[in-house]
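Notes for the one structure printed next.
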C-alpha cells in the first residue's frame with residue numbers, strides 16, 4: 001500500500017532523494033534531515049501505516065523485525081555498544097504525540113556525545 005501524497009512513501013519510491021541506511025522487502029531506513037544526535041535515522045515500513053494508532057496484530061511481525069534490526073543498524077551507523085554506548089528509539093503518534101509525517105516511523109538516535117563523559 002502506497003499513499004501518493006505521503007512524503008515517506010515518496011522517499012521509499014525514490015521520488016525524493018534520501019541517504020539510505022537500509023532496505024529490504026518491508027523496511028526502509030534513512031538518515032533524518034534534521035538530526036537531533038550524532039546518529040539519527042528513521043526506520044519506516046514500506047507499507048503506508050499512518051501511525052502506531054493504526055497498528056493491528058497483523059503488523060506484529062513487521063514491528064518485531066524493525067525492533068530487532070534497530071540495534072544492528074545503530075552500531076553500523078556509529079553508536080557505541082551497550083552498556084557504555086547505546087541509542088534511543090522514539091515513535092511519535094498523532095498530532096498531540098508530536099508526529100509530523102503521518103507514516104509510521106521510528107527514530108533511532110545515539111552516538112558519541114563527549115559532553116556526557118564525567
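Kindly indicate whether residue 89 is surrounded by fewer than 18 Cβ atoms within 10 Å (Cβ to Cβ), touching a helix residue (DSSP H, G or I) at 6+ places or on another chain (Cβ under 8 Å) and within 29 Å of residue 113 (Cα to Cα).
Here the answer is yes, as residue 89 does meet what is asked.
Tell me, please, whether a residue that is assigned to a loop (DSSP other than H, G, I, E, B), more than 16 Å from the chain's Cα centre (by Cα) and more than 16 Å from residue 107 (Cβ to Cβ) can be found in the range 5-13. Can you show your working first?
Filtering the range 5-13 down to residues assigned to a loop (DSSP other than H, G, I, E, B) leaves 5-6, 13.
If we keep only those that are more than 16 Å from the chain's Cα centre (by Cα) too, we end up with 5, 13.
Next cut, more than 16 Å from residue 107 (Cβ to Cβ) only: 5, 13.
There is at least one residue in the range 5-13 that is assigned to a loop (DSSP other than H, G, I, E, B), more than 16 Å from the chain's Cα centre (by Cα) and more than 16 Å from residue 107 (Cβ to Cβ).
Just one of the listed residues (81, 71, 57, 50) is under 19 Å from residue 11 (Cα atoms) and out of contact with any strand residue (DSSP E or B) (no Cβ under 6 Å at 6 or more places or on another chain), and it is 50.
Could you please let me know if residue 81 is farther than 25 Å from residue 24 by Cα and not in a helix (DSSP H, G or I)?
Details: farther than 25 Å from residue 24 by Cα: no; not in a helix (DSSP H, G or I): yes.
For residue 81, the condition - farther than 25 Å from residue 24 by Cα and not in a helix (DSSP H, G or I) - is not met.
Here, each number is a calculation from the coordinates, and none is a lab measurement. Keep in mind that what you see is a predicted model, and the values were worked out from it rather than measured. As a convention, Cβ positions derive from the backbone with ideal geometry for all residues, glycine included, and neighbour counts pool all protein chains shown.
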